[in-house]
1. Which residues, counting only those in region 75-116, are of a type in the set (Ser, Thr, Tyr) and over 15 Å from the mean Cα position of the chain (by Cα)?
2. Out of region 41-67, which residues are in a helix (DSSP H, G or I) and open to solvent by less than 50 Å² (accessible area, probe 1.4 Å)?
3. Looking for something surrounded by 15 or more Cβ atoms within 10 Å (Cβ to Cβ), touching a residue at least 24 places away in the same chain (Cβ under 8 Å) and touching a Leu at 6+ places or on another chain (Cβ under 8 Å) - is there at least one such residue anywhere in region 87-95?
Amino acid sequence: MTAPPAPDPEPSTPFFSPPPSLPPNCLSPPALVLDLILFAFFLVLIVCAPLLNVQAALPSTLFPDPLLRIASWYKDRFGDYLVSERPFFFVRLVWHELFFIWPLAITNAYATLARRSWFNTTCLILGSSLLTSM
């Protein structure tokens, strides 16, 4: 009678082992780049909506001269007739941007930095609202 073979002292490892997983709070490089791009976009929305876009909906006496010069330069440089003529639907879109899109941009910027689980939902709401208003 032969004795059973002795177990290997060390378990065998495969030829190719998967890379170690990232820590829970660390993002992969592509996800980090995407988060940085989204955060920059949210910052542009946060700054431009109340300072520049609202000039199409409110009287010009409420804004300081540097902001009025920026808006005037934009109208002259790009010939944007919506900003210069201020049609009714465009003014309503500006109000929509101020009261709906701007708070969502602030919320999404916070969610990007704090890595909140609800970021995907608010980002989808913001994106669909921006897409339909364009």
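1. The initial filter retains those residues of region 75-116 that are of a type in the set (Ser, Thr, Tyr), namely 81, 84, 107, 110, 112.
TYR81, SER84 - these are the residues of region 75-116 that are of a type in the set (Ser, Thr, Tyr) and over 15 Å from the mean Cα position of the chain (by Cα).
2. Quick first cut of region 41-67, residues in a helix (DSSP H, G or I) only: 41-51, 53-56, 60-62, 65-67.
The answer is PHE42, LEU45, ILE46, CYS48, ALA49, PRO50, VAL54, GLN55, ALA56, LEU67.
3. Yes, the conditions are met somewhere in region 87-95.
The values are calculated or read from the model by the stated rules, or taken from the named source; none is laboratory data. As the structure is a prediction and not an experimental result, all values here were calculated from the model. Reconstructed Cβ throughout: ideal geometry from the backbone, glycine too, with neighbour counts over all protein chains shown. Accessible surface is based on the protein model in full, side chains and every heavy atom, while ligands, DNA and RNA are left aside. Shrake-Rupley method; radii C 1.70, N 1.55, O 1.52, S 1.80 Å.
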